[in-house]
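This report concerns only the one structure given below.
The values are calculated or read from the model by the stated rules, or taken from the named source; none is laboratory data. If you're wondering where the values come from, they're calculated on a predicted model, not measured in any experiment. Ideal geometry is used to build each Cβ from the backbone, glycine not excepted, and the neighbour counts take in all protein chains shown.
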Amino acid sequence: MSKFKNAYNLIKRSLFNTGWTCNACGREIFSGYFCDECLKNIVKIGENKCLHCGRQAPYKTEYCDSCIEKNIGFDVARSVYEYTHPLSIVIQNFKYNNARYHAEFFAREMFEVYKAEKLSSDIVTFVPMHQNREQKRGYNQARLLAEELSKLSGVKLEECATKIKETENQANLSMSERVKNLKGTFKVDGKLVKGKSVLLIDDVLTTGSTVDVLSTAFKKAGAVKVSVLTLASVSKIVKQH
Ligand SMILES: [Zn+2]
Ligand SMILES: [Zn+2]
């Protein structure tokens, strides 16, 4: 790389506070976090959503199909993005490939939704990982997001729950299998949530069973309200059993 290009990149980097490349496809960019091509396919959830779980819907609706008689543990859930390609790749790198630096950018995006949707709460917490898994991975991406969001919002971060049972990967399980799989999984610190409104952070809302089980446990322990904020949510739920 020429001296000129180096200097140019340095100026670009300091002016636009950007990396050298699109964080999704690696193409060189001049500003922002993603290139224009990727941005076209990164869907931010707007007006058309389920007002309960916050998933992208064809129109604004009070309860989407996945909410009726389900996911009733939390009061409200919102996500920034629809979980689609190429963002899904970025999130997978964030989760599994040590790309923890994404936490800062993602939390800023979540903070915008937090403000717009008035999700202000007494405390912020996150979906815990089992100690063994967190040690192996070196971090819990939901914790990273919650830490950053706590800094941005000034809302106190509390570790309200621990995961006491290792569960098999939820990805290939049906809704009912997931709920069964999660039984006795979390231990909630009651005194941290009693009388509080709680903001629960996770990376991706798929069926919503994990946040549902946790929210129900928080409510049992005396939480007055549980709002869920995730980075992305899956809008098309695979057939549920
Ligand atoms: Zn790109
Ligand atoms: Zn819904």
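Just a few scattered comments:
- Qualifying residue in the stretch 82-104 (condition: within 16 Å of ligand 2 (Cβ to nearest atom) and either assigned to a loop (DSSP other than H, G, I, E, B) or touching a residue at least 12 places away in the same chain (Cβ under 8 Å) (or both)): yes
Matching residues to (1) surrounded by fewer than 20 Cβ atoms within 10 Å (Cβ to Cβ); (2) more than 10 Å from ligand 2 (Cβ to nearest atom); (3) outside any loop (DSSP other than H, G, I, E, B); (4) among the hydroxyl-bearing types (Ser, Thr, Tyr):
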| position | (1), (2), (3), (4) |
| --- | --- |
| ASN23 | no, yes, no, no |
| GLY26 | yes, yes, no, no |
| TYR33 | no, yes, no, yes |
| LYS40 | yes, yes, yes, no |
| GLU47 | yes, yes, no, no |
| GLY54 | no, no, no, no |
| ASP65 | yes, no, no, no |
| ILE68 | yes, no, no, no |
| PHE74 | no, yes, no, no |
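- Taken over the stretch 76-104, residues that are exposed (fewer than 15 other Cβ atoms within 10 Å of the Cβ) and of a type in the set (Phe, Trp, Tyr) amount to 2.
- Considering the conditions (1) more than 16 Å from ligand 2 (Cβ to nearest atom); (2) without any contact (Cβ under 8 Å) to a residue 40 or more places away in the chain, GLN141 is excluded by exactly one of them, (2).
- Single unsatisfied condition, SER215 versus (1) under 30 Å from LYS60 (Cβ atoms); (2) in contact with a helix residue (DSSP H, G or I) (Cβ under 7 Å, 6 or more places away or on another chain): (2)
- Filtering the stretch 55-111 to residues that are among the β-branched types (Val, Ile, Thr) and over 16 Å from the mean Cα position of the chain (by Cα) leaves THR61, ILE68, ILE72.
- When the stretch 140-181 is filtered for residues that are crowded, with 20+ Cβ neighbours inside 10 Å and either closer than 22 Å to LYS220 by Cα or modelled with pLDDT under 95 (or both), the ones remaining, listed by number, are CYS160, ALA161, LYS163, MET175, ARG178.
- First in the stretch 31-43 and not assigned by TED's automatic domain parsing to the domain that holds TYR81, second anywhere and among the aromatic types (Phe, Trp, Tyr) and more than 8 Å from ligand 1 (Cβ to nearest atom), Cβ under 6 Å, 6 or more apart: SER31/PHE16; TYR33/PHE105
- Where GLY222 falls short, out of the listed (1) out of contact with any Phe, Trp or Tyr (no Cβ under 8 Å at 6 or more places or on another chain); (2) surrounded by 16 or more Cβ atoms within 10 Å (Cβ to Cβ): (2)
- Matching residues in the stretch 112-122 - criterion: being surrounded by fewer than 19 Cβ atoms within 10 Å (Cβ to Cβ) and on the phi < 0 side of the Ramachandran plot: GLU112, LYS115, ALA116, GLU117, SER120, ASP122
- Criterion: within 29 Å of GLU158 (Cα to Cα) and within 16 Å of ligand 1 (Cβ to nearest atom) - qualifying residue of ALA99, ALA116: ALA99
- Pair list, Cβ < 9 Å and 6+ apart or interchain, from the stretch 195-208 residues that are surrounded by 20 or more Cβ atoms within 10 Å (Cβ to Cβ) to residues that are acidic (Asp, Glu): LYS196/ASP122; LYS196/GLU158; VAL198/ASP122; VAL198/GLU158; LEU199/ASP122
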